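Read the structure below first, then the notes.
Please treat every number below as a calculation from the coordinates, not as lab data. The shown structure was predicted, so the numbers you read here are calculated from the model rather than taken from an experiment.
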Amino acid sequence: MNSSVLIESKHDKYLPMVKNLAAACFMLMLQVYLIAPLLPAIGNEFHSTLISQAIPAFAIPYGLSALCSISLSNRVGRKVMLQWSVWLMTLGCFATASCHSISAFLVVRILAGIATGSILPLALVLIAECYPASARGTRMLIVVFSVALGITFAPVIGGYFNGMIGWRTMYIISGILSLIVYLRIVLSSFPLPLKIARKPENLSLVWQLSKKILTRGAGPYLYAFSFFGGMFHTGVFVWLSFYFTTHYHLGEQGIALVLLIFLFPGLLMVILMAAFSIKTSVKGTLLAGLILVAVCVALLWINVNLPLWLAYLFVLILSVGFNITQPLFIGITTTLHNGRMSNQAVGMGCGILFLGYGAGPMLFVFLVSLGDSPAIIFLALLGLLLSILSFKVWKEKLSTDKHITKRNFFTDNQGMAQRHT
């Protein structure tokens, strides 16, 4: 990491804000993914199979809320909206712990998704508004790392501690931690970029901006990749849980370990790119990653009686293949446009990604009910679609900037944004 950035951070008046944003994003992902390995146990407690919709019940309302979060924050203010979102996330954790029926549980999840939809988009937009182009990538990396940390360890925490303290206690603890984050945000005196003009936008203007973003350059391919990539990510959760429960009879802790194996490479990729500023061939990376995905899915399908350790290894390779395509896309929504369109693009990116997160479990719960083959075939087709969309994105980007074939998007994406605008 550039030493000048480290020196600058010592005098960074916005750094406390970034740390609070990162903490809020971590708690968001923690309470979303905490129940991933616990769905069978919670379903048994409520005597209902509707628990399979717990993740979609949160993710889809979250995605819809994120789509309009930036426009709404232009009216009420960034900090006010952030405070309310974190406060409602806190209440959502306590309300989840108090549920005693499946209907109450799903209603709370839906309301929590709506209430917290602005947290991640606001984190990215606030960093973009507070920092010059040369420093944004490094600060965004802090938020990206917190998101990856929450996604990676939430299922492990859920799987390993449910038997000790129960899922209700875990949500109470999450609520207490969220309350601490809320108090830090409220009591902190960090400055915000108050001089930035934010005119309230009517629905007509928001619709026009959204249409431009979705139909311009790499936009349609990028957002399609975000949606189907989110669907792949959470769909694999469902498929892995079904596969290892059916073929290896694993319990909560075993499924938590499988999910850790699948999720950990994503976290490791963030750390490696931050530490070593990895630059690589975009096309080569995407092709290698997606080939690994296809090969591992095929091997897991064909060899249903693999030794457990070998199945773990294939899941690890599958994860590496999928995750090395993801960091390349983390910062791209900030490079499509500038000004209002850039902020709207970020909100849309977060919203569409979470809509994919919600659609994945709904679809894969149906597919795995039909057996192994339909779900695995669809995974392979989804991987093929993602590879096509990936190359479409980069074809559009490369047509305007022939130098982005070797880039590090964590630290250099804003430089690219300046050239495109």
Open item on the list: Just to check I understand the Karplus step: with θ = phi - 60° and J = 6.51 cos²θ - 1.76 cosθ + 1.60, what whole-Hz values come out for region 55-71, glycine and proline as x?
Closed with: 6, x, 4, 8, 5, 5, x, 4, x, 5, 5, 5, 4, 10, 5, 5, 4
Task: Cross-link pairs beyond the 23 Å C-alpha cut-off, checked among Lys19/Lys212; Lys211/Lys392; Lys79/Lys211; Lys19/Lys211 - done: Lys19/Lys212; Lys79/Lys211; Lys19/Lys211
Open item on the list: Viscosity 1.567 mPa s, temperature 4 °C: what is the translational diffusion coefficient of region 110-162 from Stokes-Einstein with a Kirkwood Rh over Cα pairs, rounded to a whole number of µm²/s?
Closed with: 100
Task: Tail fraction, Cα-Cα pairs, region 1-148, threshold 19 Å, whole percent - done: 56
